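The block underneath contains the structure these notes are about, expressed in structure tokens.
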Amino acid sequence: MKPAWVDFHFDVMCPWAYQTSKWIREAAVQRDLVVRWRFFSLEEINHQEGKKHPWERDWSYGWSMLRVAALLRRRPAPLGNEAVDRFYRVTGRMLHEDGVKVHSPDGVAAALTEMGEDPALVGRALDDPTTHTDVRDDHERVVALGGYGVPTLVFGPTVLFGPVVTPAPTGAAAGRLWDLVAGWGEFPHLYELRRPKTPVDWAHIQASFSPYLNARDWQTVQNPVA
């Protein structure tokens with residue numbers, strides 16, 4: 001039986017997750033799939049000993065943005081999930097396509113304004129310590145399932161990292177890719193399938209991610225995984 005729903009764990013900061021989010025929305029239309037938007041913190045998974053955790057900072061790029069999304073998600077179903085979807089669409093586009101430094105309180109306020117939401121939601125989310133809990137609960141849940149980065153998909157007993165693709169497939173191609181991804185669940189001990197990246201691939205990726213690379217205010221840190 002094909003999955004009827006998928007939990008999509010994301011961090012707004014990740015350019016790969018953003019491309020995959022564009023694909024999963026297309027796949028959802030093609031395959032009558034419900035996407036449930038869940039959180040993941042790259043800052044926490046790559047935390048270095050001796051430095052502050054993201055919840056110990058007044059503002060921490062991805063984590064704090066997810067706290068605003070967490071406040072939006074508290075609306076009655078399905079409105080909360082739909083609000084997170086819109087938030088990710090807008091903030092993701094601003095960072096990864098427009099090259100806007102959305103990862104600040106003012107940047108998030110501008111995104112909320114574009115959505116037709118009250119920009120004061122940023123302050124409300126930061127003043128509410130339980131938004132830390134909401135983000136941490138999603139993050140720890142998927143890490144306990146073996147998650148180590150984004151995008152991570154959870155459907156039924158299946159937990160998968162990826163697909164890692166740019167640009168995002170659209171239309172019928174998005175549906176076909178979902179069929180392949182969902183089919184992975186038939187093989188519980190199939191752990192990895194990977195295409196090596198050539199210099200041509202790296203040039204393609206560089207061009208695809210150039211808005212994000214120009215807008216970011218950090219260097220990527222990634223801890224090794226097993």
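The values are calculated or read from the model by the stated rules, or taken from the named source; none is laboratory data. Just so we're clear, the structure is a prediction, and the values are computed from it rather than from any experiment. Methodologically, a virtual Cβ is constructed for each residue, glycine included, from the backbone with ideal geometry; neighbour enumeration extends over all protein chains shown. In case anyone asks, the SASA skips ligands and DNA or RNA and just uses the protein heavy atoms, side chains included. Shrake-Rupley method; radii C 1.70, N 1.55, O 1.52, S 1.80 Å.
What to note about this one:
- Residues that are open to solvent by 30 Å² or more (accessible area, probe 1.4 Å) and either in a helix (DSSP H, G or I) or modelled with pLDDT under 95 (or both), drawn from region 109-122: 110, 113, 114, 115
Residue-by-condition table, conditions (1) touching a Cys at 6+ places or on another chain (Cβ under 6 Å); (2) farther than 22 Å from residue 30 by Cβ; (3) surrounded by 13 or more Cβ atoms within 10 Å (Cβ to Cβ); (4) touching a residue at least 60 places away in the same chain (Cβ under 8 Å):
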| position | (1), (2), (3), (4) |
| --- | --- |
| 142 | no, yes, yes, yes |
| 168 | no, no, yes, yes |
| 171 | no, no, no, yes |
| 180 | no, no, no, no |
| 184 | no, no, yes, no |
| 188 | no, yes, no, no |
| 199 | no, yes, no, no |
| 206 | no, yes, no, no |
| 217 | no, yes, no, yes |
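- Residue within region 145-164 that is part of a loop (DSSP other than H, G, I, E, B) and among the polar types (S, T, N, Q) present: no
- Within the option set 141, 136, being under 16 Å from residue 38 (Cα atoms) and in contact with a helix residue (DSSP H, G or I) (Cβ under 8 Å, 6 or more places away or on another chain) holds for one residue only, 136.
- For residue 131, the stated conditions do not hold, so it cannot be described as of a type in the set (S, T, N, Q), at pLDDT 95 or above, surrounded by fewer than 13 Cβ atoms within 10 Å (Cβ to Cβ) and in a helix (DSSP H, G or I).
- Candidate set from region 191-215 (those that are under 22 Å from the mean Cα position of the chain (by Cα) and of a type in the set (A, V, I, L, M)); member that is farthest from residue 180 (Cα to Cα): 215
- Checking each residue in region 144-162 for being crowded, with 20+ Cβ neighbours inside 10 Å and over 14 Å from residue 38 (Cβ atoms) picks out no residue at all.
- In region 165-189, the residues that are in a loop (DSSP other than H, G, I, E, B) and more than 28 Å from residue 72 (Cβ to Cβ): 187, 188, 189
- Look at (1) free of Cβ contacts under 8 Å to residues at least 60 places away in the same chain; (2) within 17 Å of residue 43 (Cβ to Cβ) and you find that residue 102 fails only one, number (1).
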